[in-house]
């Protein structure tokens, strides 16, 4: 394997929370007469920064500030995330990488305390060099935090792989100067991921096999 360190995205890549996000947003839209909403529409409209995604969904920030909507969403997320799980192959793939001497970390647009809580709940903390989240629930971008972490990592950029499930993950990896690989089944449709030009895999297990 050509990589010494793996940077994982969290939501949708290791933690299988797409259905949770669709359900919460569907309820928020129905409450305001903006539905219907399903996973297909979610895949069409979701993206970063999340504020722009909310606008594409039809929320009126003059009537309701984005910050209030973000709190409503995260309240629903905080209530529901324990009813969801990691991807079935997340821990086996992480352990396989560890057995090869490859270090790993998580870089997420999730708020730091929430990332710490969820990753710990699913047994990821001890597997990771670092858990890097952001300072609030607004999910603007994780790029600045990723660049700062990369400076502290002291691994050559050509030996680092970023694994994610969205176009934003590919964009962040490119801006960081590291390779990216994307997996289906998360917060973006396969065709959207393929348009980035990054390699796209149907599962983490398939990605691991491709890495050799």
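Things to note:
- Residue within segment 23-39 that is buried (at least 16 other Cβ atoms within 10 Å of the Cβ), out of contact with any strand residue (DSSP E or B) (no Cβ under 8 Å at 6 or more places or on another chain), in a helix (DSSP H, G or I) and in contact (Cβ under 8 Å) with a residue 60 or more places away in the chain present: no
- Residues of segment 51-64 that turn out to be at pLDDT 95 or above, assigned to a helix (DSSP H, G or I) and crowded, with 16+ Cβ neighbours inside 10 Å, as a count: 3
- Failed criterion for residue 108 (all others in (1) under 20 Å from residue 9 (Cα atoms); (2) in contact (Cβ under 8 Å) with a residue 12 or more places away in the chain; (3) outside the structural domain of residue 185 (by TED's automatic domain parsing) hold): (3)
- Annotation: residue 124 fulfils all but one of (1) at pLDDT 95 or above; (2) farther than 15 Å from residue 9 by Cα; (3) buried (at least 18 other Cβ atoms within 10 Å of the Cβ); the unmet one is (2).
- Every listed requirement among (1) part of a loop (DSSP other than H, G, I, E, B); (2) over 26 Å from residue 202 (Cα atoms) is met by residue 48 save one, (2).
- Top-ranked residue in segment 197-209 [being in contact with a strand residue (DSSP E or B) (Cβ under 7 Å, 6 or more places away or on another chain) and in contact (Cβ under 8 Å) with a residue 24 or more places away in the chain; ranked as surrounded by the fewest Cβ atoms within 10 Å (Cβ to Cβ)]: 203
- Filtered residues of segment 65-97 (kept if loosely packed, with under 15 Cβ neighbours inside 10 Å and closer than 27 Å to residue 148 by Cβ): 67, 71, 78
- Hey, residue 116 more than 30 Å from residue 41 (Cβ to Cβ), touching a helix residue (DSSP H, G or I) at 6+ places or on another chain (Cβ under 8 Å) and not in a loop (DSSP other than H, G, I, E, B) or not: yes
- Flag if residue 53 is over 30 Å from residue 209 (Cα atoms) and under 18 Å from the mean Cα position of the chain (by Cα): yes
- Complete set of residues in segment 1-22 that are within 17 Å of the chain's Cα centre (by Cα), surrounded by 16 or more Cβ atoms within 10 Å (Cβ to Cβ) and not in a loop (DSSP other than H, G, I, E, B): 6, 7, 8, 11, 15, 16, 18, 20, 21, 22
- Within segment 163-191, tally of residues that are closer than 15 Å to residue 104 by Cα and either under 11 Å from the mean Cα position of the chain (by Cα) or not assigned by TED's automatic domain parsing to the domain that holds residue 203 (or both): 2
- Residue 43 being surrounded by 13 or more Cβ atoms within 10 Å (Cβ to Cβ), in contact (Cβ under 8 Å) with a residue 60 or more places away in the chain, in contact with a helix residue (DSSP H, G or I) (Cβ under 6 Å, 6 or more places away or on another chain) and more than 30 Å from residue 155 (Cβ to Cβ): no
- Per the listing 141, 105, the residue uniquely closer than 18 Å to residue 166 by Cα and either modelled with pLDDT of 95 or more or crowded, with 19+ Cβ neighbours inside 10 Å (or both) is 105.
The values are calculated or read from the model by the stated rules, or taken from the named source; none is laboratory data. Bear in mind that the values here come from a model prediction, so they are computed numbers and not experimental data. Every residue, glycine among them, receives a Cβ derived from its backbone with ideal geometry; neighbour counts consider all protein chains shown.
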